[in-house]
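**Student:** Please see the structure below; I have some questions.
The values are calculated or read from the model by the stated rules, or taken from the named source; none is laboratory data. The structure presented is a predicted model; accordingly, all values stated were derived computationally and were not measured. So basically every Cβ, Gly included, is an ideal-geometry build from the backbone, and we count neighbours across all protein chains shown. Quick note on the areas: whole protein, heavy atoms, side chains included, nothing else; ligands and nucleic acids left out. Shrake-Rupley method; radii C 1.70, N 1.55, O 1.52, S 1.80 Å.
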Amino acid sequence: MPPHSPPDSLMLRRAFGCFPTGVPVVATRAADGSFAGLPVNSYTSLSLDPPLVLWSIDKACDQMPAFADTDHYAVNILSAEQQDISNRLAMPGEDKLRDIPHEKGAGDAPLLPGCCAQIQCEIAERVEGGDHLILIGRVLATARSERDPLVYHGGGYRALK
Ligand SMILES: Cc1cc2nc3c(=O)[nH]c(=O)nc-3n(C[C@H](O)[C@H](O)[C@H](O)COP(=O)(O)O)c2cc1C
């Protein structure tokens, strides 16, 4: 394993991609009433007491203004059957949640049915993180199912078995 130092962006992506994650869709209601949502693998739990989670958004993302303004977001941890939702939301486009069934949670943040878990949050803190903005959320409510999760590893989707 020869080191790349300093690593270029491709090498960084490849090394970061060795870390397998779930695929949460983080979603919110924008100030204009439209809904924003994107799949992320930067999500992680942060604290039990107080209950906190975090994830980060690329400042260049078209949906950045929606998350820069909102007070709430929902984390929808996708199940193995929901890869198509991740694909649709990862593509550029306007009002991408319009055709994806959802209910409204705290602050009208979209809750997607059929997920492994839904975690409703209010934003506790925004922290600068290089070319990303870290959004720390205080958990208001959770729901979970026994569904298998969608997994992301090495630039592709996986299943647990
Ligand atoms: C599995 C996966 C994980 C991703 N993780 C993140 C992330 O943590 N933060 C982020 O800003 N974008 C992440 N993205 C990219 C965004 O989902 C994608 O760029 C965004 O939805 C495009 O939105 P836009 O058209 O509004 O710019 C990820 C994409 C995929 C497929």
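**Student:** Please name all residue pairs, on different chains or six or more residues apart, with Cβ atoms under 9 Å, provided the first residue is in the range 109-126 and is under 14 Å from LEU46 (Cβ atoms) and the second residue is at pLDDT below 95 and part of a loop (DSSP other than H, G, I, E, B).
**Tutor:** From the range 109-126, no pairs qualify.
Rundown of residues vs (1) open to solvent by 90 Å² or more (accessible area, probe 1.4 Å); (2) near the ligand (Cβ under 10 Å from one of its atoms); (3) within 16 Å of the chain's Cα centre (by Cα); (4) among the acidic types (Asp, Glu), yes/no style:
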{"residue": "HIS4", "(1), (2), (3), (4)": "yes, no, no, no"}
{"residue": "ARG14", "(1), (2), (3), (4)": "yes, no, no, no"}
{"residue": "ALA31", "(1), (2), (3), (4)": "yes, no, no, no"}
{"residue": "GLU103", "(1), (2), (3), (4)": "yes, no, no, yes"}
{"residue": "LEU112", "(1), (2), (3), (4)": "no, no, yes, no"}
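**Student:** Name the pairs whose Cβ atoms lie under 8 Å apart, with the first residue in the range 46-59 and under 17 Å from THR142 (Cα atoms) and more than 16 Å from the ligand (Cβ to nearest atom), the second open to solvent by 40 Å² or more (accessible area, probe 1.4 Å) and of a type in the set (Ser, Thr, Tyr), and 6 or more positions between them or separate chains?
**Tutor:** LEU52/SER45
**Student:** Within the range 17-29, which residues are more than 10 Å from the ligand (Cβ to nearest atom) and either part of a loop (DSSP other than H, G, I, E, B) or of a type in the set (A, V, I, L, M, F, W, C) (or both)?
**Tutor:** Initially, the range 17-29 is screened for residues more than 10 Å from the ligand (Cβ to nearest atom), giving 18-20, 27-29.
Within the range 17-29, CYS18, PHE19, PRO20, ALA27 meet the criteria.
**Student:** I would also like to ask the following. Output the residues belonging to the range 71-96 that are crowded, with 18+ Cβ neighbours inside 10 Å, more than 7 Å from the ligand (Cβ to nearest atom) and of a type in the set (A, V, I, L, M, F, W, C).
**Tutor:** ALA74, VAL75, ILE77, LEU78, ILE85
**Student:** Of all the residues that make up the range 136-161, how many are in contact with a strand residue (DSSP E or B) (Cβ under 6 Å, 6 or more places away or on another chain) and assigned to a strand (DSSP E or B)?
**Tutor:** 13
**Student:** Identify the residue in the range 41-70 that is assigned to a loop (DSSP other than H, G, I, E, B) and closer than 20 Å to LYS96 by Cα and, among all such residues, is most open to solvent (accessible area, probe 1.4 Å).
**Tutor:** Of all residues in the range 41-70, those assigned to a loop (DSSP other than H, G, I, E, B) come to 41-43, 48-51, 59-63, 70.
Retained after the next criterion (residues that are closer than 20 Å to LYS96 by Cα): 41, 59-63, 70.
Working: ASN41: 83, LYS59: 79, ALA60: 83, CYS61: 34, ASP62: 129, GLN63: 27, THR70: 15 Å².
Once the filter is applied, the top-ranked residue is ASP62.
**Student:** Suppose the filter is open to solvent by 40 Å² or more (accessible area, probe 1.4 Å), outside any loop (DSSP other than H, G, I, E, B) and acidic (Asp, Glu); does GLU122 pass it?
**Tutor:** Numbers: open to solvent by 40 Å² or more (accessible area, probe 1.4 Å): yes; outside any loop (DSSP other than H, G, I, E, B): yes; acidic (Asp, Glu): yes.
Against the criterion (open to solvent by 40 Å² or more (accessible area, probe 1.4 Å), outside any loop (DSSP other than H, G, I, E, B) and acidic (Asp, Glu)), GLU122 qualifies.
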